[in-house]
Amino acid sequence: MNILLTGGLGYIGSHVAVVLTEAGHQVTILDNLCNCKIEVLDRLEKILGRAPAFFKGDVRDQALVESILKEKQINSVIHFAGLKAVGESVQEPLMYYDNNVGGTISLLKAMKNCEIKTIVFSSSASVYGIPVYLPYDEEHPTRPQSPYGKSKLQVEEILKDLSDSDPEWKVVALRYFNPVGAHDSGLIGEDPAGVPNNLIPYVAQVAIGKLEKLKIFGDDYDTPNGTGVRDYIHVMDLAEGHNSALLYVSENTGFSVFNLGTGNGYSVYEVVDAFTSASSRKIPYEIVDRRGGDIASYYANAQKAKKFLGWSAKRGLLQMCIDAWKWAVLH
Ligand SMILES: NC(=O)c1ccc[n+]([C@@H]2O[C@H](COP(=O)([O-])OP(=O)(O)OC[C@H]3O[C@@H](n4cnc5c(N)ncnc54)[C@H](O)[C@@H]3O)[C@@H](O)[C@H]2O)c1
């Protein structure tokens with residue numbers, strides 16, 4: 001299959017590019033480089049022996065997207081391109097709705113004009129909001145707490161309406177939990193600009209000595225050891241989930257949504273312990289006040305993906321930390 005990855009030079013997209021190319025697909029990437037480096041393309045070439053086709057541009061440029069869809073005879077699109085910092089989305093909601101919602105509408109118009117009606121969308125567990133029950137299954141109420149989460153839910157609703165309007169559309173939304181780790185070559189991984197927002201990249205920078213110590217935001221949550229619990233999933237497991245989702249979506253019309261998580265929650269202390277083992281470094285930390293808006297605990301019910309996609313995560317927390325450490329040391 002010929003597959004377009006919007007935002008395909010980013011963290012998740014670059015790992016998906018590896019998995020899909022190795023599975024025999026022809027991958028084309030469109031990325032405006034707003035949150036990644038062009039070097040990722042050379043690194044993909046090192047891993048794969050050839051670089052995927054690449055176009056620098058914005059997903060909101062409908063004419064450009066249509067020309068790529070035609071030139072590359074694209075069959076399916078995986079739509080990663082978007083902004084993802086929850087805190088920034090609170091400060092800059094228009095930027096988030098413009099890029100995440102506006103960008104998707106523009107992409108869908110281009111796809112419709114080219115009669116390409118198969119899409120996998122990068123959604124997020126943040127669509128669920130404060131847990132009414134755990135684990136979150138796909139039927140859990142959706143009450144996102146930030147403009148970022150709302151933008152993901154709005155896109156899901158647009159995709160649902162579109163597939164209701166035309167039964168030829170084949171649409172899957174994947175609700176990712178907390179992707180971490182890196183490709184085991186250490187050549188690609190998560191590369192945040194500035195101080196990382198996410199726990200494992202932050203811990204990696206503490207282990208390597210770039211940051212002095214980890215701040216743990218609260219140890220008095222209602223969790224087994226008081227620190228926050230999240231469903232961390234190895235990015236290669238997540239990437240393999242896209243291959244399964246592509247197979248599913250090519251055979252099923254309509255709109256479907258799947259959680260991609262492990263189904264296990266890990267606390268901050270467990271992450272620190274696992275990273276200490278993986279890196280053989282000390283991770284100094286201090287407990288500070290809770291952060292406004294943080295949830296004590298959340299994790300996925302991953303049964304629907306197992307049943308319909310035939311996919312489940314294989315790699316555990318230690319492997320996530322080993323690969324995140326390799327990436328931190330090598331890049
Ligand atoms: N990483 C996570 O924790 C996480 C969790 C849930 C959902 N997601 C979603 O998955 C997707 C990929 O996430 P990621 O972690 O790889 O993020 P990322 O920022 O590393 O990758 C996104 C890529 O999209 C590109 N991009 C952004 N806006 C664009 C535009 N208008 N046109 C073209 N390219 C554009 C960026 O340059 C970047 O390379 C995002 O939609 C994100 O919201 C991520």
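Got a number for residues in the stretch 109-143 being within 18 Å of PRO93 (Cα to Cα) and either within 12 Å of the ligand (Cβ to nearest atom) or at pLDDT below 95 (or both)?
Pass one, the stretch 109-143, residues within 18 Å of PRO93 (Cα to Cα): 123-124, 126-127, 129, 143.
Subset that is either within 12 Å of the ligand (Cβ to nearest atom) or at pLDDT below 95 (or both): 123-124, 126-127.
Count: 4.
Yes/no matrix, rows are residues, columns are (1) buried (at least 17 other Cβ atoms within 10 Å of the Cβ); (2) free of Cβ contacts under 8 Å to residues at least 12 places away in the same chain; (3) assigned to a loop (DSSP other than H, G, I, E, B); (4) in contact with a Cys (Cβ under 8 Å, 6 or more places away or on another chain):
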{"residue": "ILE68", "(1), (2), (3), (4)": "yes, no, no, no"}
{"residue": "GLN73", "(1), (2), (3), (4)": "no, no, yes, no"}
{"residue": "ILE78", "(1), (2), (3), (4)": "yes, no, no, no"}
{"residue": "LYS84", "(1), (2), (3), (4)": "yes, no, yes, no"}
{"residue": "LEU108", "(1), (2), (3), (4)": "yes, no, no, no"}
{"residue": "ILE116", "(1), (2), (3), (4)": "yes, no, yes, no"}
{"residue": "VAL120", "(1), (2), (3), (4)": "yes, no, no, no"}
{"residue": "PRO131", "(1), (2), (3), (4)": "no, no, yes, no"}
{"residue": "PRO141", "(1), (2), (3), (4)": "no, no, yes, no"}
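Would it be correct to say that VAL65 is of a type in the set (Val, Ile, Thr) and within 13 Å of the ligand (Cβ to nearest atom)? Steps first, please.
Numbers: of a type in the set (Val, Ile, Thr): yes; within 13 Å of the ligand (Cβ to nearest atom): yes.
In short, yes.
How many of the residues making up the stretch 143-155 are open to solvent by 10 Å² or more (accessible area, probe 1.4 Å) and either within 14 Å of the chain's Cα centre (by Cα) or closer than 21 Å to LEU309 by Cβ (or both)?
Selection size over the stretch 143-155: 2.
Count, please, the residues in the stretch 224-253 that happen to be open to solvent by 20 Å² or more (accessible area, probe 1.4 Å) and farther than 30 Å from LEU330 by Cβ.
Going through the stretch 224-253 one residue at a time, the tally reaches 8.
Would you call LEU30 near the ligand (Cβ under 8 Å from one of its atoms), in contact (Cβ under 8 Å) with a residue 12 or more places away in the chain, under 21 Å from LEU159 (Cα atoms) and buried (at least 16 other Cβ atoms within 10 Å of the Cβ)? Quick ask: steps written out before the conclusion?
Numbers: near the ligand (Cβ under 8 Å from one of its atoms): yes; in contact (Cβ under 8 Å) with a residue 12 or more places away in the chain: yes; under 21 Å from LEU159 (Cα atoms): yes; buried (at least 16 other Cβ atoms within 10 Å of the Cβ): yes.
Yes.
With the requirement that a residue be away from the ligand (no atom under 16 Å from the Cβ), touching a residue at least 40 places away in the same chain (Cβ under 8 Å), over 19 Å from LYS314 (Cβ atoms) and surrounded by fewer than 19 Cβ atoms within 10 Å (Cβ to Cβ), what does the stretch 164-198 give you? Reasoning before the result, please.
Keep residues of the stretch 164-198 that are away from the ligand (no atom under 16 Å from the Cβ), which gives 164-170, 184-186.
Then drop every residue that is not touching a residue at least 40 places away in the same chain (Cβ under 8 Å), which leaves 164, 166-170, 184-186.
Add one more test, that the residue is over 19 Å from LYS314 (Cβ atoms), and what stays is 164, 166-170, 186.
If the condition is that a residue be away from the ligand (no atom under 16 Å from the Cβ), touching a residue at least 40 places away in the same chain (Cβ under 8 Å), over 19 Å from LYS314 (Cβ atoms) and surrounded by fewer than 19 Cβ atoms within 10 Å (Cβ to Cβ), then ASP164, ASP166, PRO167, GLU168, GLY186 are the ones that fit.
Considering only the stretch 1-15, state which residues are near the ligand (Cβ under 9 Å from one of its atoms) and closer than 23 Å to GLU66 by Cα.
Initially, the stretch 1-15 is screened for residues near the ligand (Cβ under 9 Å from one of its atoms), giving 6-15.
Across the stretch 1-15, the qualifying residues are THR6, GLY7, GLY8, LEU9, GLY10, GLY13, SER14.
Right, GLU45: away from the ligand (no atom under 15 Å from the Cβ) and farther than 18 Å from ASN2 by Cβ or not?
Yes.
The values are calculated or read from the model by the stated rules, or taken from the named source; none is laboratory data. Since we're looking at a predicted model, the values are computed, not measured. All Cβ positions, even for glycine, are placed from backbone atoms using ideal geometry, and neighbour counts span all protein chains on display. Accessible surface areas use protein heavy atoms only, side chains included; no ligands, DNA or RNA. Shrake-Rupley method; radii C 1.70, N 1.55, O 1.52, S 1.80 Å.
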